[in-house]
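In what follows, a structure is listed as C-alpha cells, so that the remarks can point back to it.
The values are calculated or read from the model by the stated rules, or taken from the named source; none is laboratory data. Owing to the predicted nature of the structure, the values given are computational and were not obtained by experimental measurement. Ideal geometry is used to build each Cβ from the backbone, glycine not excepted, and the neighbour counts take in all protein chains shown. Only protein heavy atoms, including side chains, enter the accessible area calculation; ligands, DNA and RNA are left aside. Shrake-Rupley method; radii C 1.70, N 1.55, O 1.52, S 1.80 Å.
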Amino acid sequence: MIIAHGTHPGETGKNNEDRYGVTTFESQTDGAVTLAVVADGIGGHRAGEVASELAVQTITGVVAQSTSNDYRAALESAVTRAAQAIAEHARSGDRFFGMGTTCAVALVAAGRLYIAYVGDSRIYLIRGGVIRQISVDHTFVQEAIEHGVLTPDEARQHPQRH
C-alpha cells in the first residue's frame, strides 16, 4: 500500500484549514491496521482549523482505543464523537461559534477498506490504473442531482457547486 499526503490552502489565498493524520497500529486479530483521516475546515466559518484538528485527533484516538475488529462500528463511533467534540468546543466561546469541518476517513485492515465521510471531502479508490470516487458529497448540489432537480451537467455550472 502506498500512502501519500499533503495540503493546499486553495486558490483564494485563505488560511489553510486542512489537517490530516496517518496512523498504523496493531490489531490482535488482524495485524497491522492503517488509518488515514483528512479534515478540511469549512471556509467562511470561524476556526475551521480548530474543528479539523479536533476531528483528526478525536477520530484517531477513538479508533486506536477500540478493542473490537468491528471497524465499521469503530468509524461510526469515532466520527460521532468528533462531531460532539466540535459542537462542544464551538459553544465554548465566540471565536469558535459556528466552526465546522468536512472529514474523510479510510481504514485498511485484513485486506479490506472501510470508509467514513462527512461533507464534501472525497474518497477515491485507485485500482488497476482506474480512479473511482467511492464517497458521495453531502452538499445541496448533490442532493439536487439525487432528487432530479439538477442534471450532473447543470451541477457542474451551478453557483453552489464545490
Residue count for segment 15-28, restricted to those that are touching a residue at least 60 places away in the same chain (Cβ under 8 Å) and more than 19 Å from the chain's Cα centre (by Cα)
1
Pairs only if they're at least six apart or on different chains, beta carbon under 6 angstrom, first in segment 90-106 and closer than 20 Å to Val37 by Cβ, second among the charged types (D, E, K, R) and open to solvent by 40 Å² or more (accessible area, probe 1.4 Å); list them, first residue then second.
Met99/Arg46; Thr102/Asp40; Thr102/Asp120
For segment 127-144, pairs from a residue that is within 13 Å of Arg156 (Cα to Cα) to a residue that is of a type in the set (A, V, I, L, M, F, W, C) and open to solvent by less than 100 Å² (accessible area, probe 1.4 Å), with Cβ under 6 Å and 6 or more apart or across chains, are Val141/Ala155; Ala144/Leu150
Where in segment 70-162 are there strands (runs of 3 or more DSSP E), lying fully within it, with 3 or more residues that are surrounded by 12 or more Cβ atoms within 10 Å (Cβ to Cβ)?
101-109, 112-118
In segment 19-56, what residues are surrounded by 18 or more Cβ atoms within 10 Å (Cβ to Cβ), assigned to a strand (DSSP E or B) and either of a type in the set (A, V, I, L, M) or at pLDDT below 85 (or both)?
Val33, Leu35, Ala36, Val37, Val38, Ala39
Matching option when the condition is closer than 20 Å to Gly21 by Cβ and of a type in the set (Lys, Arg), among Arg122, Arg132, Arg95
Arg122
Determine which member of the set Gly111, Gly119, Gly129, Gly148 is closer than 24 Å to Glu49 by Cβ and modelled with pLDDT under 95.
Gly119
